[in-house]
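Q: Supplied in structure tokens, the structure appears directly below.
The values are calculated or read from the model by the stated rules, or taken from the named source; none is laboratory data. Treat the numbers as computed from the prediction; the structure is a model and nothing was measured. All Cβ positions, even for glycine, are placed from backbone atoms using ideal geometry, and neighbour counts span all protein chains on display. Protein only, heavy atoms only, side chains kept; ligands, DNA and RNA dropped before computing areas. Shrake-Rupley method; radii C 1.70, N 1.55, O 1.52, S 1.80 Å.
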Amino acid sequence: MQNTTSSMQDTVALSIDGSHLLERLIELGSIGRNEAGSLTRLAGSDQDKQGRDRLVSWLQDAELTVSVDVVGNIFGTWEADAQRRPLMVGSHIDTVIDAGIYDGCYGVLSGLAAVEALKLLGYVPLRPIVIAAFTNEEGVRYQPDMLGSLAFVGGLDLSTALGAAGTDGTVLGNELIRIGYKGSQALGAVRPAAYLELHIEQGPVLEAEDFSIGAVEVVQGISWQKIVIDGVANHAGTTPISHRHDAGYAAARIVSFLREYAFHAKKPSVATVGTMQFEPGAINIIPAKVTFTVDLRDPDEIRLRDFEFALDRFIQKIAAEEQVTIKAERLARFDPVSFDQTVVSVIEAAAAKREKSCRRMTSGAGHDAQMLARICPAAMIFVPSRNGISHNPLEFTEPEQLIAGANVLLDSMLSLLR
Ligand SMILES: [Zn+2]
């Protein structure tokens with residue numbers, strides 16, 4: 001059987017059904033739209049349930065065995081020699097608020113399309129193939145992001161994962177029960193031999209440099225902090241500058257510091273202050289309190305740590321100068337992840353075989369694959385994002401690029417299955 005299988009692979013030009021993949025992306029992307037047409041499927045929501053139901057029906061149509069684990073991760077398994085560890089292919093189907101249709105869904109549905117192409121051919125896998133959709137990758141409703149895959153690999157204990165408190169006051173575990181997706185399968189019951197994730201780039205590099213495929217070898221590290229500055233509220237007109245303990249001014253200095261540090265480092269370091277609240281928040285009162293978030297990223301762990309130390313030193317300096325109290329609380333911290341070089345090479349070879357231009361690259365965003373890399377060889381395939389836009393309804397990748405990426409996934413899967 002093995003010989004028949006491998007000779008079939010070499011002689012038949014096997015491809016996924018591209019139009020079927022595109023139709024499904026649009027269909028899944030139609031689930032969770034409000035009256036204004038905006039797409040939102042937050043983890044554990046009614047809309048998430050509808051999306052999950054549709055995915056499960058497609059997995060079942062492909063005669064995959066569907067299982068759901070205790071944090072709601074969905075697996076569709078093509079059963080084969082149970083003595084061998086499976087090849088896992090996946091991503092997520094939860095979305096951000098007012099999302100595009102490709103982020104996450106593209107990877108899950110392409111994995112399914114690859115399995116369907118293999119089944120159509122009469123392929124007999126030598127090891128099981130698992131299509132995975134991980135819970136709460138986006139982290140919009142529940143923290144941390146990539147929660148399902150993190151719990152799956154043992155990086156987050158079950159009670160913490162299920163106890164995650166939502167931005168809307170809900171608890172993830174209760175919501176999973178409510179929508180019927182708190183499964184019974186133990187975390188990590190499936191131990192993959194390797195993991196592949198196909199995803200839109202969500203950045204401008206492939207398009208700008210005219211590459212069709214990215215073979216992702218590094219995911220940059222992420223450091224999230226919440227910073228609270230306590231100053232003294234006082235009259236905006238009567239308080240001389242030298243007498244102020246202005247939390248707003250201190251916050252502004254920190255925002256400027258972050259930009260200047262990242263700029264002058266002339267490294268890939270990036271820093272973002274994405275939220276900020278002033279209290280009491282009046283035009284004629286010196287701010288007593290400012291709360292804001294800091295997002296630092298870098299592909300190199302030492303540089304990321306240097307950035308964190310530099311921020312910490314600057315916070316101490318500005319607290320002393322302005323005589324305010326500044327507290328920093330860590331919200332999330334993921335080290336940079338290097339993917340498996342063999343799997344990255346497999347992706348490069350698959351792209352070359354399809355005559356698709358390919359470059360190695362770093363992922364600026366976090367992905368489930370970085371969690372899976374803790375327990376098995378893993379890597380990611382990127383396709384271009386038009387204008388580098390994602391987490392936005394304008395997210396777009398050309399249909400032929402989507403299909404090419406799915407075929408590179410298919411060929412990479414075949415290589416890893418051998
Ligand atoms: Zn994603």
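Q: Which residue out of GLY388, GLY364 is small (Gly, Ala, Ser), within 15 Å of the ligand (Cβ to nearest atom) and at pLDDT below 95?
A: It is GLY364.
Q: Would you mind telling me which numbered condition in (1) without any contact (Cβ under 8 Å) to a residue 24 or more places away in the chain; (2) touching a helix residue (DSSP H, G or I) at 6+ places or on another chain (Cβ under 9 Å); (3) among the aromatic types (Phe, Trp, Tyr) PHE263 fails?
A: (2)
Q: Of the conditions (1) touching a helix residue (DSSP H, G or I) at 6+ places or on another chain (Cβ under 9 Å); (2) away from the ligand (no atom under 16 Å from the Cβ); (3) among the basic types (Lys, Arg), ARG141 satisfies every one except a single condition; which number is it?
A: (2)
Q: Next question. Enumerate the pairs (first residue in region 114-138 and closer than 27 Å to GLY44 by Cα and of a type in the set (Ser, Thr, Tyr); second residue anywhere and within 16 Å of the ligand (Cβ to nearest atom) and assigned to a loop (DSSP other than H, G, I, E, B)) with beta-carbon separation below 8 Å, excluding pairs fewer than 6 apart on the same chain, so at least 6 apart or on different chains.
A: THR135/ALA43; THR135/ASN73; THR135/HIS92; THR135/ASP94
A quick yes/no check of all residues on (1) open to solvent by 70 Å² or more (accessible area, probe 1.4 Å); (2) closer than 30 Å to ILE74 by Cα; (3) not in a strand (DSSP E or B):
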{"residue": "GLY274", "(1), (2), (3)": "no, no, yes"}
{"residue": "LEU296", "(1), (2), (3)": "no, no, no"}
{"residue": "ALA310", "(1), (2), (3)": "no, no, yes"}
{"residue": "PHE314", "(1), (2), (3)": "no, no, yes"}
{"residue": "ALA319", "(1), (2), (3)": "no, no, yes"}
{"residue": "ILE347", "(1), (2), (3)": "no, yes, yes"}
{"residue": "ALA350", "(1), (2), (3)": "no, yes, yes"}
{"residue": "LYS356", "(1), (2), (3)": "yes, no, yes"}
{"residue": "MET361", "(1), (2), (3)": "no, yes, no"}
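Q: Identify all residues within region 321-342 that are under 19 Å from ARG359 (Cβ atoms) and either part of a strand (DSSP E or B) or under 19 Å from the mean Cα position of the chain (by Cα) (or both); write none if there are none. Please lay out each step first, then the result.
A: Narrowing region 321-342 to residues under 19 Å from ARG359 (Cβ atoms): 336-342.
Within region 321-342, PRO336, VAL337, SER338, PHE339, ASP340 meet the criteria.
Q: Please state which of the following conditions GLU197 fails to meet, knowing it meets all the rest: (1) assigned to a strand (DSSP E or B); (2) away from the ligand (no atom under 16 Å from the Cβ).
A: (2)
Q: Within region 368-394, can you find the residues that are assigned to a loop (DSSP other than H, G, I, E, B), surrounded by 24 or more Cβ atoms within 10 Å (Cβ to Cβ) and out of contact with any strand residue (DSSP E or B) (no Cβ under 6 Å at 6 or more places or on another chain)?
A: PRO384 - this is the single residue of region 368-394 that is assigned to a loop (DSSP other than H, G, I, E, B), surrounded by 24 or more Cβ atoms within 10 Å (Cβ to Cβ) and out of contact with any strand residue (DSSP E or B) (no Cβ under 6 Å at 6 or more places or on another chain).
Q: Can LYS327 be described as open to solvent by 50 Å² or more (accessible area, probe 1.4 Å), charged (D, E, K, R), within 17 Å of ILE229 (Cα to Cα) and free of Cβ contacts under 8 Å to residues at least 12 places away in the same chain?
A: Values: open to solvent by 50 Å² or more (accessible area, probe 1.4 Å): yes; charged (D, E, K, R): yes; within 17 Å of ILE229 (Cα to Cα): yes; free of Cβ contacts under 8 Å to residues at least 12 places away in the same chain: no.
For LYS327, the condition - open to solvent by 50 Å² or more (accessible area, probe 1.4 Å), charged (D, E, K, R), within 17 Å of ILE229 (Cα to Cα) and free of Cβ contacts under 8 Å to residues at least 12 places away in the same chain - is not met.
Q: Of the residues that sit in region 171-194 and are closer than 23 Å to VAL66 by Cβ and part of a strand (DSSP E or B), which one is least open to solvent (accessible area, probe 1.4 Å)?
A: Among residues in region 171-194 that are closer than 23 Å to VAL66 by Cβ and part of a strand (DSSP E or B), the one least open to solvent (accessible area, probe 1.4 Å) is ALA194.
Q: Looking at GLN202, is it in contact with a Pro (Cβ under 8 Å, 6 or more places away or on another chain), within 16 Å of the ligand (Cβ to nearest atom) and open to solvent by less than 50 Å² (accessible area, probe 1.4 Å)?
A: Here the answer is no, as GLN202 does not meet what is asked.
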